[in-house]
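Asker: Quick one: this structure, given as structure tokens, is what I'll be asking you about.
Quick note: the coordinates plus some simple rules give every number you see, no bench work behind them. Small disclaimer: the values here were computed from a predicted structure and weren't measured. We place every Cβ from the backbone using ideal geometry, glycine too, and count neighbours over all the protein chains shown.
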Amino acid sequence: MRVYRDLNTESPAGSAVALGMFDGVHLGHRRVIEAAAAHREEWAVTVLTFVARRERPDKKLFQKDIFTPEERVRRLSLLPVDMVYMPDFEEIRKLSAQEFVHQVLGEILHAKVICCGEDYRFGNHAAGNVELLKRLAKDICAKVQVVSPYLDCGEPVSSTRIRRYLSDGNIVSANRLLGTPYTIEGTVVYGKQIGRTLGCPTINQELDLYICLPKFGVYISSVLLDGEEYPSITNIGVKPTIAGERQPLAETHIIGVDQNLYGRRLTVKLHQFIRGEERFEDLEQLSDSIHHDIEKARHFFKRETN
Ligand SMILES: Cc1cc2nc3c(=O)[nH]c(=O)nc-3n(C[C@H](O)[C@H](O)[C@H](O)COP(=O)(O)O)c2cc1C
Ligand SMILES: Nc1ncnc2c1ncn2[C@@H]1O[C@H](COP(=O)(O)OP(=O)(O)O)[C@@H](O)[C@H]1O
């Protein structure tokens, strides 16, 4: 899969284009991509998305994304996609609806088939809708395929729903809608080296503050290490029991591993929320609670394998 971070490269051939933000690359997004991928024998399967602005001019944050753009690309790369165009939003923001279809979809992507969801908007001030897309697509001899919303429990699967589940700690529902577990990816950094004194060393990963963080608390998780998946337990939060700065971290104890992991880039999958983060009276109470959490994780994986 080739990834272009701007619109300067013309598609070498005709393409079946999936349009959308695709934040989360959830089950609904996959339907749109599958609709484009159904034309793979004939056309290159191309995802046209963009990197949203993170701050407003007044420095306030826009709505946070589920995943970083890098994670979005990684998830897209697991699907039948040949090319991803992911320009900065600024590059397409000013284009009128007609310019977007004629110039971007027509001249750059050579779109032959255009797939999108019912609520897809495009062009300056998001003025274009699916009806206008169908009309303008005729000018470039492309067909439009509108994919109806994919439902879960009778409700459309949406990035908004997933964000809400994440902030409620409902990781099971978030994972169901994502179609694959929510992940945290990052380099292992040094902490205060207290973990090992509690009998629970943890890999510490910094969290991107521009993404929608899961509810602070403890999660049953797993870590992919040298091609093998290990059970683990993760705390996401600011560890209020420990004095010091309050940068949110993901801290994960990997069960059955004793290895120096500093500097490694690792992926942690979250499976189940077990409790909120607490401020304990002392380190002994914290340690007791962590060991209780580890037991719960062991039990969870024992059930999974039986
Ligand atoms: C399973 C688990 C649960 C945790 N729960 C809490 C908690 O409820 N409150 C808290 O302040 N810290 C919690 N922590 C974070 C610990 O305080 C932290 O891992 C420990 O102090 C070691 O930090 P270090 O990596 O800087 O050495 C938890 C860590 C783990 C692995
Ligand atoms: N089972 C394990 N799970 C997580 N980290 C481990 C494990 N065994 C050894 N380690 C190593 O120990 C380090 C964590 O020890 P810890 O005392 O918590 O230090 P720090 O405060 O720097 O995170 C990890 O970064 C990793 O290199």
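Asker: Taking 0.36 nm per residue of separation and subtracting the Cα-Cα distance, what length does fully extending PHE301 through SER96 add? List each step's numbers first, then the result.
Answerer: Numbers: separation 205, 0.36 × 205 = 73.80 nm, distance 5.28 nm.
Roughly 68.5 nm would be gained on extension.
Asker: Given axes a ≥ b ≥ c from the Cα gyration tensor, I'd like to know whether region 84-140 is rounded (a/c under 1.5), prolate (a/b larger than b/c) or oblate. Let's see the in-between values first.
Answerer: Values: a/c = 1.38, a/b = 1.10, b/c = 1.26.
Taking the square roots of the gyration eigenvalues as a ≥ b ≥ c, region 84-140 is rounded.
Asker: Highest first, please rank the peptides 1-14, 216-229 by the mean number of other Cβ atoms sitting within 10 Å of their residues. Working shown, then result.
Answerer: Values: 1-14: 14.0, 216-229: 17.6.
Ranking the peptides 1-14, 216-229 by packing returns 216-229, 1-14.
Asker: While we're looking at this one, here's another question. Could you run the Karplus curve 6.51 cos²θ - 1.76 cosθ + 1.60 with θ = phi - 60° over region 258-266 and give me ³J(HN,Hα) per residue in whole Hz, x for Gly and Pro?
Answerer: 9, 7, 6, 10, 4, x, 7, 9, 10
Asker: Something else now. When DSSP beta bridges are limited to those with both residues in the chain, what percentage is antiparallel, rounded to the nearest 5? Could you put the intermediate results ahead of the total?
Answerer: Values: 37 of 59 bridges.
That works out to approximately 65 percent antiparallel.
Asker: Given R₀ = 35 Å, FRET efficiency for LEU132-SER167 by Cβ-Cβ distance, to 0.05? Don't jump to the answer; show the numbers that get you there.
Answerer: Values: r = 34 Å, r/R0 = 0.98.
Given R0 = 35 Å and the Cβ-Cβ separation, E is 0.55.
Asker: Quote to one decimal, in nm, the extra length available between PHE280 and THR160 on full extension: 0.36 nm per residue of separation minus the C-alpha distance between them. Each step should come with its number before you reach the end.
Answerer: On the way: separation 120, 0.36 × 120 = 43.20 nm, distance 3.33 nm.
Once the chain is fully extended between PHE280 and THR160, it gains 39.9 nm.
Asker: A follow-up question, please. 5 Å is the cut-off here: which amide hydrogens, built 1.01 Å from N in the peptide plane, fall below it relative to GLY169, excluding neighbours closer than 5 in sequence?
Answerer: For GLY169, the qualifying residues are LYS215.
Asker: While we're here: With just the Cα atoms defining each centre, how far is region 5-43 from region 108-153? Give it in Å.
Answerer: When both Cα centres are located, 12 Å separates them.
Asker: Taking 45 Å as R0, compute the FRET efficiency from the Cβ-Cβ separation of ARG5 and ASP288 and round it to 0.05. Provide the component values of the computation, followed by the final result.
Answerer: On the way: r = 49 Å, r/R0 = 1.08.
In this case the efficiency is close to 0.40.
Asker: Could I ask something else about it? To the nearest 0.05, how large is the calculated FRET efficiency for ALA243 and THR187 if R₀ is 25 Å and r is the Cβ-Cβ distance? The partial results should precede the final answer.
Answerer: Values: r = 25 Å, r/R0 = 0.99.
The computed FRET efficiency comes out at 0.50.
Asker: With the cut-off at 19 Å, tell me which of the pairs LYS269/LYS302; LYS94/LYS143; LYS94/LYS134; LYS112/LYS134; LYS269/LYS296 have Cα atoms farther apart than that. List each step's numbers first, then the result.
Answerer: On the way: LYS269/LYS302 17 Å; LYS94/LYS143 25 Å; LYS94/LYS134 21 Å; LYS112/LYS134 12 Å; LYS269/LYS296 16 Å.
Beyond 19 Å between Cα atoms: LYS94/LYS143; LYS94/LYS134.
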